[in-house]
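The values are calculated or read from the model by the stated rules, or taken from the named source; none is laboratory data. Note that the structure is predicted; figures quoted are calculated from it, not measured. Please note: Cβ atoms are built from the backbone with ideal geometry, for glycine as well, and neighbour counts cover all protein chains shown.
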Number of protein chains: 2
Amino acid sequence: MAADPTYSAQKRNPTILPQTTSDDDDGGPRGRHLPKGRHGDRKFGNIRITILCGFVTVLVLRGTIGLSNLVSFEADAESQYLIEETNRIVTAIRSDDDPPDPDDENSPNSTSAFNLGPKIKNWDQDKKLWRRRNPQFPYFINGRPKTYLVTSSSPSPCENSIGDHYLLKFLKNKIDYCRIHGIELVYNTAHLDKEMSGHWGKLLQIRQLMVAHPEAEWIWWMDSDALFTDMVFEIPFHRYRSSNLIIHGYPDMLFNEKSWIALNTGSFLLRNSQWSLDLLDVWAQMGPRGRPREEAGKILTSSLKGRPALEADDQSALIYLLISQRERWMNMVSIESSYCLHGFWESLVDRYKEMMEKYRPGFGDERWPFVTHFVGCRTCASNGDYPVERCLKSMEMAYNFADNQVLNLYGFRHRGLVSTNIKRIRNESVTPVVNVDKFGIRNSLRGNKG
Amino acid sequence: MAADPTYSAQKRNPTILPQTTSDDDDGGPRGRHLPKGRHGDRKFGNIRITILCGFVTVLVLRGTIGLSNLVSFEADAESQYLIEETNRIVTAIRSDDDPPDPDDENSPNSTSAFNLGPKIKNWDQDKKLWRRRNPQFPYFINGRPKTYLVTSSSPSPCENSIGDHYLLKFLKNKIDYCRIHGIELVYNTAHLDKEMSGHWGKLLQIRQLMVAHPEAEWIWWMDSDALFTDMVFEIPFHRYRSSNLIIHGYPDMLFNEKSWIALNTGSFLLRNSQWSLDLLDVWAQMGPRGRPREEAGKILTSSLKGRPALEADDQSALIYLLISQRERWMNMVSIESSYCLHGFWESLVDRYKEMMEKYRPGFGDERWPFVTHFVGCRTCASNGDYPVERCLKSMEMAYNFADNQVLNLYGFRHRGLVSTNIKRIRNESVTPVVNVDKFGIRNSLRGNKG
């Protein structure tokens with residue numbers, strides 16, 4: 001693959017990247033939600049960070065390096081978006097990889113070429129037969145496809161003690177959304193594979209869930225630093241009957257500019273299908289820590305506009321994959337920007353108050369964002385790219401903004417967006433079912449149908 | 001009520017306890033999961049603790065104070081149980097109440113007699129009609145009654161930074177159990193009422209859920225320091241067709257000894273019914289912070305064997321209620337000890353290894369406990385009654401013991417009960433549905449029925 005940047009040789013037989021068993025890993029990307037633990041040698045990482053930060057500074061100061069193709073966007077939003085994405089990748093790299101396990105026998109295939117698991121070839125058929133045999137596990141309920149939402153964090157405590165508190169709050173937020181909308185929630189705290197460390201771990205988690213839950217129609221990955229801020233909005237699944245991947249991004253940035261930030265893998269959905277298993281297999285090739293990831297990083301940097309010299313991250317790898325194998329995959333990919341499947345927090349949190357005055361939940365877009373994603377805050381680690389106070393206050397606001405929508409059914413709301421205290425907003429009734437019909441989100445969504 | 005210890009005057013018209021608006025609260029009981037914040041004047045509390053600890057010492061040394069009626073139990077288990085319960089109550093008192101809210105207008109009824117809400121009188125009928133109108137929200141699914149499990153912690157970070165990490169892990173544990181068994185999970189982080197502070201807050205949370213979710217057949221309260229350790233076991237609901245309250249405890253301790261630790265309110269279920277709303281209303285009378293709770297505490301201490309001089313706690317209050325109004329309530333109460341609806345951690349964690357060698361999940365009893373409850377650890381606060389290291393290690397063991405049962409479906413387990421690292425325990429299959437049928441807990445429970 002190192003010699004073939006277009007992946008053409010991989011269309012049928014994914015080439016296995018060079019393996020290494022040496023100890024010269026430089027740490028590699030670190031998942032924002034898989035931080036901490038033992039810190040390896042970070043000198044090389046710090047040099048790269050210094051270079052990268054200088055690069056970001058130049059970009060922010062609107063130097064001419066590679067910006068000419070971005071001028072079609074509104075200038076401030078453009079810079080902000082670029083900074084956001086750069087920061088996100090940089091911080092992911094700064095964090096440490098999972099510590100290598102000296103006794104690791106994690107995979108029976110550890111001495112052979114890397115793969116996410118044995119090659120499954122007949123999944124659509126096997127899944128269909130299983131579903132037929134197991135009608136007690138429906139894959140469509142109330143007109144909605146059965147969906148598993150998966151998120152993840154480290155099994156160890158956060159380096160920054162406040163981090164676990166916000167992981168907890170953001171998890172409660174996901175519990176609320178999933179309960180209201182009938183989505184199954186899976187919270188993973190295990191490192192499933194030492195090779196696919198950091199953010200790459202999501203690929204294996206998604207695959208595991210697909211094959212263990214044939215009743216699941218969609219697997220939805222969401223980062224632990226993202227939360228639902230529109231408790232009413234639902235994914236418009238009817239739009240995606242012919243799709244297997246739903247992801248936030250911009251097609252012109254992807255195909256015209258080949259920008260390294262054209263898509264966001266912090267929140268996306270994959271249909272439980274053979275197609276998705278195949279995509280994961282190919283996608284994973286750039287993931288194994290160490291040399292494969294470094295070499296892949298070079299390919300990505302040379303191929304994607306604006307990408308700094310970094311080892312491969314899962315987002316860039318997917319972008320590259322969809323560009324270089326466009327004909328194979330794109331007819332089943334929906335790139336969404338009509339609602340905030342991923343919404344960058346910095347452009348949203350200061351507008352919550354205005355949103356509450358002007359709009360209502362259900363829009364899912366810039367008027368009332370579906371998901372607010374705290375990229376770059378890294379409250380679990382101690383190396384975020386924004387001032388800690390700014391992040392914490394904003395996270396609290398987002399949490400309460402969402403929580404108000406849940407508390408509404410029970411007749412409460414927060415006293416203010418930064419307040420943990422709540423107050424009653426309507427008198428209770430001696431016939432409370434009237435409030436259930438009026439204020440229940442599920443009731444408004446599903447109406448009175450059998 | 002202060003003049004009538006048998007509650008006889010309250011059978012129809014609960015007497016309202018004297019209210020106070022003075023500031024001479026001594027802090028009152030503090031929910032183990034609603035700790036922290038501002039600490040009031042603790043001198044009086046500390047004196048009481050000193051006396052209580054001396055009392056516990058005497059009991060442990062097997063003095064003759066009130067132990068004669070406990071000799072029917074095996075000696076060590078008896079002492080341990082007594083200590084456990086004493087510690088639990090003591091630590092609940094030591095923790096602080098929720099800080100008073102200076103602008104509180106929490107209840108439109110704040111100037112009138114305390115109640116959990118307006119008197120609902122026709123709930124069974126209203127609920128039945130609502131269910132008939134809303135068949136899309138079934139109250140029985142796959143032969144199981146619709147159940148909402150509710151747990152709670154403070155909206156503020158833990159005083160002890162490790163506390164949030166274990167709240168997070170224990171919440172993940174509940175997510176897993178609820179997902180496997182089709183139970184709705186609600187995690188509350190709001191102080192709903194300043195009067196019903198600390199552990200008393202659960203009464204209002206339960207009521208709110210009942211009236212907001214008419215499709216719920218059962219509301220299951222579980223403390224945040226309790227976790228599921230048998231991922232297979234299910235509540236045998238068929239036993240409770242005539243019951244409205246399912247609670248762990250011992251009938252002879254309740255009625256013969258009138259022991260203050262005869263029941264455990266850390267994990268119990270209430271049927272969503274008029275009966276339960278009525279019970280909550282009566283139960284709540286001892287709850288309001290300040291003078292009502294203090295006065296009620298005196299009644300409880302004089303009425304219940306072994307109870308130290310403490311303000312009223314929810315558990316003692318329920319015990320007193322069921323004893324003094326036995327004829328009104330007990331025909332609908334199931335006191336369970338045949339499985340660990342609540343299992344005291346100290347007698348269980350050191351046996352997990354033995355359990356894994358000899359038994360298997362599904363028993364739910366001492367062989368493989370359904371719930372392990374970390375009473376007295378108080379990892380969120382900084383004043384637990386056990387060494388911190390002992391608690392943390394035990395909680396980690398319990399978490400991994402449970403997590404192994406979840407990871408089994410995916411082919412993994414923890415390397416050891418205290419290890420966060422996992423290892424693969426079986427090769428993956430190219431036809432993964434065979435593993436779903438073989439290792440899926442839900443599949444083993446529900447079989448192949450339509």
remark   = Given the conditions (1) hydrophobic (A, V, I, L, M, F, W, C); (2) surrounded by 24 or more Cβ atoms within 10 Å (Cβ to Cβ); (3) under 18 Å from B:ARG442 (Cα atoms), every one holds for B:CYS178 apart from (2)
ask   = Going by the conditions given, is A:ILE206 closer than 18 Å to A:LYS174 by Cα, touching a residue at least 60 places away in the same chain (Cβ under 8 Å) and in a helix (DSSP H, G or I)?
value = yes
task = Select from the range B:323-340 the residues that are under 17 Å from the mean Cα position of the chain (by Cα) and not aromatic (Phe, Trp, Tyr) and write down the one among them that is nearest to B:TYR240 (Cα to Cα).
result = B:SER334
task = Kindly establish whether B:TYR148 is closer than 30 Å to B:PRO387 by Cβ, modelled with pLDDT of 95 or more and among the hydroxyl-bearing types (Ser, Thr, Tyr).
result = no
inquiry  = Looking at the range B:269-290 only, could you name the residues that are surrounded by fewer than 24 Cβ atoms within 10 Å (Cβ to Cβ), modelled with pLDDT of 95 or more and not in a helix (DSSP H, G or I)?
reply    = B:ARG271, B:SER273
message = Quick check on my filter: what residues within the range B:313-336 are of a type in the set (Gly, Ala, Ser) and without any contact (Cβ under 8 Å) to a residue 40 or more places away in the chain?
response = B:ALA317
ask   = Before we move on, is B:ASN435 at the interface with another protein chain (Cβ under 9 Å from one of its Cβ atoms), surrounded by fewer than 21 Cβ atoms within 10 Å (Cβ to Cβ) and not in a loop (DSSP other than H, G, I, E, B)?
value = yes
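Yes or no, residue by residue, for (1) more than 14 Å from chain B (Cβ to nearest Cβ); (2) among the hydroxyl-bearing types (Ser, Thr, Tyr); (3) within 21 Å of the chain's Cα centre (by Cα):
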| position | (1), (2), (3) |
| --- | --- |
| A:SER347 | yes, yes, yes |
| A:THR372 | yes, yes, yes |
| A:GLY376 | yes, no, yes |
| A:TYR399 | no, yes, yes |
request  = Answer yes if at least one residue in the range A:354-367 is in contact (Cβ under 8 Å) with a residue 12 or more places away in the chain, part of a helix (DSSP H, G or I) and touching a Leu at 6+ places or on another chain (Cβ under 9 Å), and no otherwise.
outcome  = yes
task = Only residues that are assigned to a loop (DSSP other than H, G, I, E, B), under 15 Å from B:TRP221 (Cα atoms) and either among the hydrophobic types (A, V, I, L, M, F, W, C) or in contact with a Cys (Cβ under 7 Å, 6 or more places away or on another chain) (or both): list them for the range B:155-194, please.
result = B:ILE183
ask   = Within the range B:196-205, which residues are over 21 Å from B:ALA381 (Cα atoms) and buried (at least 24 other Cβ atoms within 10 Å of the Cβ)?
value = B:LEU203
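This table checks each residue for (1) in contact with a helix residue (DSSP H, G or I) (Cβ under 6 Å, 6 or more places away or on another chain); (2) surrounded by fewer than 21 Cβ atoms within 10 Å (Cβ to Cβ); (3) of a type in the set (Phe, Trp, Tyr); (4) within 26 Å of A:ILE246 (Cα to Cα).
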{"site": "A:HIS342", "(1), (2), (3), (4)": "no, no, no, yes"}
{"site": "A:MET356", "(1), (2), (3), (4)": "no, yes, no, no"}
{"site": "A:ARG360", "(1), (2), (3), (4)": "no, yes, no, yes"}
{"site": "A:THR379", "(1), (2), (3), (4)": "yes, no, no, no"}
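Residue by residue, here is whether (1) within 27 Å of B:THR229 (Cβ to Cβ); (2) aliphatic (A, V, I, L, M); (3) in a helix (DSSP H, G or I) holds:
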site	(1), (2), (3)
B:PRO292	no, no, yes
B:GLY297	no, no, yes
B:GLU311	no, no, no
B:ALA317	no, yes, yes
task = Out of the residues in the range B:438-447 that are outside any loop (DSSP other than H, G, I, E, B) and within 8 Å of chain A (Cβ to nearest Cβ), state the one that is nearest to B:ASN404 (Cα to Cα).
result = B:ARG442
Evaluation of B:TYR148 against (1) more than 19 Å from B:CYS377 (Cα to Cα); (2) touching a His at 6+ places or on another chain (Cβ under 7 Å); (3) facing chain A (nearest Cβ under 8 Å) (one fails), failing number = (3)
query = For A:ALA381, all conditions in the list (1) in a loop (DSSP other than H, G, I, E, B); (2) closer than 26 Å to A:PHE237 by Cβ hold save one; what is the number of the exception?
reply = (2)
task = Those residues that are more than 18 Å from the chain's Cα centre (by Cα), more than 7 Å from chain A (Cβ to nearest Cβ) and of a type in the set (A, V, I, L, M, F, W, C), I need them from the range B:159-190; list them, please.
result = B:ILE180
query = Scanning for something closer than 29 Å to B:SER224 by Cβ and surrounded by fewer than 21 Cβ atoms within 10 Å (Cβ to Cβ), does the range A:210-219 turn up at least one residue?
reply = yes
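Report the residue count in the range B:401-420 for those that are assigned to a helix (DSSP H, G or I) and at the interface with chain A (Cβ under 9 Å from one of its Cβ atoms). Write out each step before concluding.
Filtering the range B:401-420 for residues assigned to a helix (DSSP H, G or I) gives B:401-410.
Still in the running and at the interface with chain A (Cβ under 9 Å from one of its Cβ atoms): B:403, B:407, B:409-410.
The number of residues fulfilling the criteria is 4.
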task = Take the range B:222-242 and flag every residue that is hydrophobic (A, V, I, L, M, F, W, C) and either assigned to a loop (DSSP other than H, G, I, E, B) or surrounded by fewer than 23 Cβ atoms within 10 Å (Cβ to Cβ) (or both).
result = B:MET231, B:VAL232, B:PHE233, B:ILE235, B:PHE237
task = For the range A:251-266, indicate whether the set of residues that are surrounded by fewer than 23 Cβ atoms within 10 Å (Cβ to Cβ), in contact with a helix residue (DSSP H, G or I) (Cβ under 8 Å, 6 or more places away or on another chain), at pLDDT 95 or above and within 23 Å of A:LEU129 (Cα to Cα) is non-empty.
result = no
ask   = Any idea how many residues of the range B:220-276 are of a type in the set (D, E, K, R) and farther than 30 Å from B:LYS127 by Cα?
value = 5
query = Could you list, in sequence order, the residues of the range B:198-213 that are within 14 Å of chain A (Cβ to nearest Cβ) and touching a Pro at 6+ places or on another chain (Cβ under 8 Å)?
reply = B:VAL211, B:ALA212
